[in-house]
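For reference, the structure discussed in these notes is given below.
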Amino acid sequence: MLYQLREVHRSVLTPLSDWAESMSKLYVNPYSPLSLLPFATRISAGFELLHRMGKDYEKPEFGLKTTVIEGREVTVAERIEISKPFCNLLKFERLLPKSLAHRADDPTILVFAPLSGHHSTLLRDTVRALLPDHNVYVTDWIDARLVPISHGQFHLDDYIAYCVEFIRELSPDLHVMSVCQPTVPVLAAISLMSTVKDDRLPLTMTMMGGPIDTRHSPTEVNNLAINRPFAWFERNVIYSIPATHPGAGRRVYPGFMQHAGFVAMNPDRHMTSHWDYYLDLVRGDLDDAEGHRKFYDEYNAVLDLPAEYYLDTIKVVFQEHRLPLGTWEVNFEGKRMRVAPEDITSVALFTVEGELDDISGVGQTSAAHKLCANIPAARQQHLTAAEAGHYGIFSGRRWREMIYPQVRDFIRAHRRRPGVRRLSAVA
């Protein structure tokens, strides 16, 4: 019933939010007599805040129309390379002029975006930084409320199968980056491909702020998963999608519950941010106000997760630690196989952690190095980004100035496998 009650709540708030937006504009429009009233600016700011607190936030766009390569502006076209029921593989195609045709040979990178609440557009700054030097692909996960129940369930094993399919499609001259949650299924996919000696392995894997081994520096997110029995999650956070959506009847972990959890982690910070937004509107600081809007347009846009995938993740990753303990078995191409990272020998590994990460604590991602014991030391690298929080390792100034240059250099240093003298051109 909770999902249905939320839909009723939304149906009430939407017209109220629209009314508040209209009133906000009336109090600042120079042609409106209301703008002449005392405290009109404050009243307008209050209505604007009410509008944003009540509105429904849709999935944002990447909005990456251009990039700059060798000082020249280059048009970027976003298109779907592969379409699956639960995910689209996006390509950000750089429409290179003849003078930059040689840049078609830039490394190809597949970025696995998290399927953990926010849309893949959360990685906008990640993609923006990668575009000048790489051919970029990104996994764009589809909101489970939009996936008809006829497409069946989506388990963690299915996620791994998607990873394998996308890697095979873009290999052999491929580099993989996983941000946060997908570090686990991506490592599993590459492990399984190594076990079966697949010749379409990527050249490198960059893993950033992910829960490889959550026994290290456990955070509030980790503690919640550990302190509650598995049955609690089944009973309290899983709901069926109402008939008003294409995915009617599908069991999900709703996005609005995830959002509530995000906010609950730092409620004081969000309250201060909204108060500052109100003051910016009153003072007329439009640039700061617009920065607030852009951040919360992204932060407040969330998606529903398939219930079976979410519950698998809780059990496998956070409660039973199957990956680091070596007890994880996956249905892989008709067989039941153990995930064995020690079978990876030729894929270079780079892990990135944030010193102040409160979602994936220090040591959780770097644990991959111990698991991938047979990757030569010369092909392994780690970075702990000083003063960087979780989002700071893939967006913002620290990502652009401190982390990305090292990721770029790592990829270029490992464009060839050991013993291979030349690679074919990247399309």
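The values are calculated or read from the model by the stated rules, or taken from the named source; none is laboratory data. The structure presented is a predicted model; accordingly, all values stated were derived computationally and were not measured. Reconstructed Cβ throughout: ideal geometry from the backbone, glycine too, with neighbour counts over all protein chains shown.
Inspection of the range 107-115 identifies at least one residue that is closer than 14 Å to L303 by Cβ and either surrounded by 22 or more Cβ atoms within 10 Å (Cβ to Cβ) or in contact with a Gly (Cβ under 8 Å, 6 or more places away or on another chain) (or both).
All conditions in (1) in contact with a Cys (Cβ under 9 Å, 6 or more places away or on another chain); (2) at pLDDT below 95 hold for V186, with the sole exception of (2). Scanning the range 45-73 for residues that are out of contact with any helix residue (DSSP H, G or I) (no Cβ under 7 Å at 6 or more places or on another chain) and β-branched (V, I, T), we see that the one that is nearest to H9 (Cα to Cα) is T66. All of (1) closer than 23 Å to H259 by Cα; (2) out of contact with any helix residue (DSSP H, G or I) (no Cβ under 8 Å at 6 or more places or on another chain); (3) surrounded by fewer than 17 Cβ atoms within 10 Å (Cβ to Cβ) hold for T14 with one exception: (2). For P97, are the conditions met, namely being surrounded by fewer than 17 Cβ atoms within 10 Å (Cβ to Cβ) and either without any contact (Cβ under 8 Å) to a residue 60 or more places away in the chain or in contact with a Phe, Trp or Tyr (Cβ under 7 Å, 6 or more places away or on another chain) (or both)? Taking the combined requirement at face value, the residue satisfies it. In the range 67-79 there is at least one residue that is under 30 Å from P148 (Cβ atoms), in the same structural domain as H151 (by TED's automatic domain parsing) and exposed (fewer than 11 other Cβ atoms within 10 Å of the Cβ). The residue list F39, F47 contains one member that is at pLDDT 90 or above, assigned by TED's automatic domain parsing to the domain that holds W275 and surrounded by fewer than 14 Cβ atoms within 10 Å (Cβ to Cβ), which is F39. Among the residues in the range 201-218, are any surrounded by fewer than 24 Cβ atoms within 10 Å (Cβ to Cβ), among the polar types (S, T, N, Q), modelled with pLDDT under 95 and more than 20 Å from F332 (Cα to Cα)? Yes, there is a match, as at least one residue in the range 201-218 is surrounded by fewer than 24 Cβ atoms within 10 Å (Cβ to Cβ), among the polar types (S, T, N, Q), modelled with pLDDT under 95 and more than 20 Å from F332 (Cα to Cα). Among strands (runs of 3 or more DSSP E) entirely within the range 313-427, having at least 1 residues that are at pLDDT 95 or above and buried (at least 19 other Cβ atoms within 10 Å of the Cβ) singles out 329-332, 348-354, 380-385.
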